[in-house]
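A.B. asks: I have a structure here, written as structure tokens, and I will follow up with some questions on it.
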Amino acid sequence: MDTGVITSYIPIFAKAFLLTLKIGWIGVALAFVTGIAGAFTLYFKIPLLSAAVKCYVELFRNTPLLVQLFFIYYGLPVLGFKISAEVCGAVGLGLLGGSYMTESIRSGLDAVPKIQMESAASLGLSRSQTFMSVILPQAFTISVPGLVANVIFLLKETSVFSAISLMDLMFTAKDLIGLYYNTTESLFLLVLFYIAMLLPVSFAGSVIEKKMRSKMFGGRDDGI
């Protein structure tokens, strides 16, 4: 492994890293918004919209991101809607992630015992107060591990952005390997930068989960 090559490649990978990070987190933000809207729609069983959300979840969870990106980037222009590669990546990631976030949040909401709603009503809380103060905090705590796993999954899925000519980390590694054949050095930096992107998310997720559980269970953190 040539350390000189690695040193010269770091600025190139750093630029790709920032682009990957920007598009990845925009996609994650879109996924959260979509997931919250979808989960609430399913939880409250809103007529017609619930069926539409179920179709959306099944469609995007059962098709690869690469296929979705191809449809958005190459298919929509045929219909008169042309978007940039960056927008395509963020939207595609947001739609895919939204389907997973919807299920994670919905499962968290459904896991809260229904008797708690009855108990809250007996104390004089309105339905909205019960949802915001009793149901939602517990549902979020339950959903945290799944949400963090989804965020990590989505950030890893940015590796397919190279298929739509985005100069992300994967595109940069493939390009440098093809041009200069420094395979070991390129792959080493690729792994290093992906770890730098994903490890903080995993660590932050663990911290948030522990704090939420400690707050929810009055200081207990026994894995319940």
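A.B. asks: Test of the criteria: in segment 29-76, which trypsin sites (Lys or Arg not before Pro) are in a DSSP loop and have at most 10 other Cβ atoms within 10 angstrom of their Cβ?
C.D. replies: Of the trypsin sites (Lys or Arg not before Pro), the ones in loops of segment 29-76 whose Cβ has at most 10 other Cβ atoms within 10 Å are LYS45.
A.B. asks: Run the numbers for LYS22 and LEU48: contour at 0.36 nm per residue of separation, minus the present Cα-Cα distance, in nm.
C.D. replies: Details: separation 26, 0.36 × 26 = 9.36 nm, distance 3.47 nm.
Extra length from LYS22 to LEU48 when fully extended: 5.9 nm.
A.B. asks: Could you quote the convex hull projected area for the chain, Cα atoms only and averaged over all directions, in nm²?
C.D. replies: 15.7
A.B. asks: Further question: For CYS55 paired with PHE70, estimate the spin-label separation in nm (one decimal), with each label point 7 Å from Cα along the Cα-to-Cβ line.
C.D. replies: Taking the two extended label points, one gets 2.4 nm.
A.B. asks: If you line up the long axis of helix 49-61 against the longest principal axis of the chain, both from Cα atoms, how many degrees apart are they, to the nearest 10?
C.D. replies: Between the helix axis and the principal axis of the chain, the angle is about 30 degrees.
A.B. asks: Then there's this: Can you tell me the orientation of helix 183-216 relative to the chain, as the angle in degrees between its alpha-carbon axis and the longest Cα principal axis, to the nearest 10?
C.D. replies: With both axes taken from Cα atoms, the answer is about 10 degrees.
A.B. asks: Cβ neighbours within 10 Å, averaged per peptide: list 123-136, 164-177 in order, most packed at the top.
C.D. replies: Per-residue Cβ counts within 10 Å, averaged per peptide and sorted highest first, yield 164-177, 123-136.
A.B. asks: Percent of Cα-Cα pairs per 10 Å bin, from 0 to the last occupied bin, for segment 62-185, please list those.
C.D. replies: 12, 28, 23, 18, 12, 5, 2, 0
A.B. asks: Between ASP2 and LYS211, what length in nm is gained on full extension when 0.36 nm per residue of separation is reduced by their alpha carbon distance?
C.D. replies: 70.9 nm
A.B. asks: Could you give the angle, 0 to 90 degrees to the nearest 10, between helix 3-43's Cα long axis and the longest principal axis of the Cα atoms of the chain?
C.D. replies: Approximately 30 degrees, to the nearest 10.
Just so you know, all these numbers are worked out from the coordinates, no wet-lab data involved. On a predicted model such as this, the values are computed, not experimentally measured, just so you know. Neighbour counts run over all protein chains shown; Cβ positions are idealised from the backbone, glycine included.
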